[in-house]
Structures are given as C-alpha cells and as structure tokens.
Amino acid sequence: MSNDTLLVWSSACETHPGKVRKVNEDACLDLPELGLWAVADGMGGHEAGDVASHLIVDQLRNIREPSVIHGFVAEVKACLTEANRQLRVLATQRYHQRTIGSTVVAMAAFGNQCAFLWVGDSRIYRLRNGSLEKLTKDHSMIEDYIDQGLLRPDEAETSSIANVITRAIGAEDKLEVDCKIDTMCGGDVYLLCSDGLYREVTDEQIIQGMAINNCADSAKRLLGLALENDARDNITGSIVQIKNAFN
C-alpha cells in the first residue's frame, strides 16, 4: 500500500469443508499488506478440485507490490492465465484429460481504487452505508437463463441447474476474466465468497455479518450462519474492511 493513501484496510478469511463433504476444495488468499485477496472454489465432481484452487492461490502469491492499479490488474490477470495454462497441462498429463477447474474472485486494492476480477460463480459483495450490493455477475447457466428471460431470479436457487457454471479456470485453453475497477470509500466492507456461503444465507444475514466492526468476528459470524443451515458445500468467506487513515 502506498504511503500517500488516505485509506487503510484490514481483513480476515474463514474456510470450512461444510457438513457433507470430507475434502475442502476451497482456497483463500489474504494478503492485506499487498492489498490482494482471493477466493477459489475447486469444481465439485471433478478430479482434484483442491489442487486447482490451491494452484490459483499459489500463483497469486507471486505478485509483486503494485505501483498503479492498472498494473496490479495486469499482474493478477497474468497469474490467472498462467494458472489456467498449468491446469490444462495437469489435466492432460495426470488426469486423463479430465477437467481440473476452479472458480475465482479476486480483489486488488491500491490507494483509493480497487479492482474486482472473477471467473465462475464465486462472488464479491460490498456493504456501503448499510446497503448491500453484489459486484460480480455469475458465469452460470442460471445467469444466462435470467438474462434471456427464461427464468425469474426468485426461481434460481431451486433450479436443477443452480450449480452449473459456464466459465472456470482450467476449463478451456483460452481464459476470459471479467474485471471492474471502482473507487473505495472509508466504511466500505467487502465480502469475497464461494457459493457454499451465499447459497446458505440470506442477504439480510450477509448484511448482519458484514456489519460487525471486527474483521475476524465478521468472517466467523458469516461462517457460523452458513453452518447453521445444511452446509452441503465447502464454505469460504473473506472480509475486507476499508477505513479512513486518519480516523
């Protein structure tokens, strides 16, 4: 983080295999000193989903301290592209060309700007002045059906295709990464999470958890709320709190 920034941040991450699965195929990256956070969700039902998610996180750890936000974004994209390449090679060499894949959401912060990058259906939410906003758009069949007017949003969670994603790292030779750049404000709180979290809690519960002033307590509260329900999938949530430097 540059010395002349007016904003500072703190963060915490919690991950859990859930109540049904024995292996946690989620992975999270928590590097507040660099201004970089990520959640990766290895694709359930495929070979070595945990290998995929951890390879992505390990690639992102190699990023150097940024000097500008656009350079930061370029490095994150380069790391994700390299992770995609390595997973395609692994699929051929070790897993008989079975897909080794993972979703990912990443947040990169520099000065008063931040970038959100994502592939798949893991999400980033922002709580600002008590209002919750989903900042990412799922790469999923459900989202495509909603866009085409074939399905209402309130039908999404109960649909038989609720877990079908249309994009993942490791799924295709050419990787497409969606990206947004935004301006942060003091008091903003961000949540990066896998679908195992947001499918188990309501928006009201997400707000309740994100509103807690301590990052570690906030992340634990959200995990606890998800575990109070069926928790059929792995659960991961990373909380990033933004504050004014001189408060």
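Summary of values
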item: Sequence of 118, 9 once ranked by neighbouring C-beta atoms within 10 Å, starting from the fewest; result: 9, 118
item: Computed [θ] at 222 nm, deg cm²/dmol, the chain (DSSP H ≥ 4; -39,500 (n - 2.57); rounded to nearest 500); result: -8500 deg cm²/dmol
item: Theoretical gain in end-to-end length, residue 185 to residue 82 [0.36 nm per residue, Cα-Cα removed]; result: 33.9 nm
item: Pairs of lysines in the chain (C-alpha under 19 Å apart; 8 or more residues apart or interchain); result: 6
item: Gaussian network model of the chain, Cα within-10 Å springs - most flexible of 101, 187, 196; result: 187
item: Linear extension gain, residue 174 paired with residue 6, 0.36 nm per residue minus alpha-carbon span; result: 56.7 nm
item: Unpaired by the 4.7 Å Cβ criterion, cysteines found in the chain; result: 79, 114, 179, 185, 193, 215
item: Burial ordering of 22, 77, fewest other beta-carbon atoms within 10 Å first; result: 22, 77
item: Other-chain or far-sequence residues with amide H under 5 Å of residue 12's (modelled H); result: 239
item: Sorted by Cβ neighbour density within 10 Å, fewest at the top, the residues 215, 193; result: 215, 193
item: Net +/- balance of residues flanking residue 30 in space, Cβ distance below 12 Å, scoring K and R +1, D and E -1; result: -1
item: Sequence ranges 202-208, 123-129, 229-235, 143-149, ranked by mean other-Cβ count within 10 angstrom, highest first; result: 229-235, 123-129, 202-208, 143-149
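Every number here is computed from the coordinates shown, using simple stated rules; none is lab data. Worth saying up front: this structure is predicted, and the values here are computed from it rather than measured. Don't worry about glycine lacking a Cβ; one is built from the backbone with ideal geometry, like all the others, and counts go over all protein chains shown.
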